[in-house]
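Down below is the structure, laid out as C-alpha cells.
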Amino acid sequence: MSIKLTAPRKNLIAAAAVSAILATLACISTASAQSGPSQSTTVQSGKGDMARCSLLFSTRSKYHANGSEPTAQDVQAEMALQDCRAGRYDTGIATLEGMLKQRGIPVPPSETASSPR
C-alpha cells in the first residue's frame with residue numbers, strides 16, 4: 001500500500017526541519033527564562049532593548065511576508081529574536097538591523113536616537 005502525498009516531499013522535509021529548529025529555540029527560551037532574582041536588574045534595563053528587537057523583527061516580517069515557505073533567513077531572524085529573549089540584545093539587534101539593511105528595508109530609528117536629552 002502506498003501513500004500519495006499532496007505536497008512535494010522536499011516541502012514536507014523543509015517544514016519538518018524548520019519545525020524542529022523552532023521547537024529547539026522554544027526549549028532554549030524556556031531554559032533561559034528560568035532565572036533567579038539576581039537578573040531582575042538586567043530584565044528591567046533590557047526592556048527597551050527587547051522592544052527594539054521586537055520592532056526590528058516585526059518590521060522585517062512585514063516586508064518579508066509573502067506567504068511562501070519559511071526560508072533560511074526566516075530561521076536566522078527567529079534566532080536573532082531568540083538572542084534578544086536570552087538577553088543577548090547586541091547580537092540580536094545587530095543581526096536584525098543587518099538583515100533589514102541588506103534587503104534595502106528602512107531601519108526604524110531607535111527611541112534613544114529620536115528622544116531629546
For the range 80-95, pairs from a residue that is within 17 Å of Ser61 (Cα to Cα) and in contact (Cβ under 8 Å) with a residue 24 or more places away in the chain to a residue that is hydrophobic (A, V, I, L, M, F, W, C) and open to solvent by less than 30 Å² (accessible area, probe 1.4 Å), with Cβ under 6 Å and 6 or more apart or across chains, are Ala80/Leu96; Gln82/Leu25; Cys84/Cys53; Gly92/Cys53; Gly92/Ala80; Gly92/Cys84; Ile93/Cys53
Filtering the range 39-79 down to residues that are modelled with pLDDT of 85 or more, over 19 Å from Pro108 (Cα atoms) and open to solvent by 80 Å² or more (accessible area, probe 1.4 Å) yields Ala72, Gln76, Met79
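The values are calculated or read from the model by the stated rules, or taken from the named source; none is laboratory data. Note that this is a predicted model, so its numbers are computed, not measured. Cβ coordinates were reconstructed from backbone atoms using ideal geometry, including for glycine residues, and neighbour counts include every protein chain displayed. In case anyone asks, the SASA skips ligands and DNA or RNA and just uses the protein heavy atoms, side chains included. Shrake-Rupley method; radii C 1.70, N 1.55, O 1.52, S 1.80 Å.
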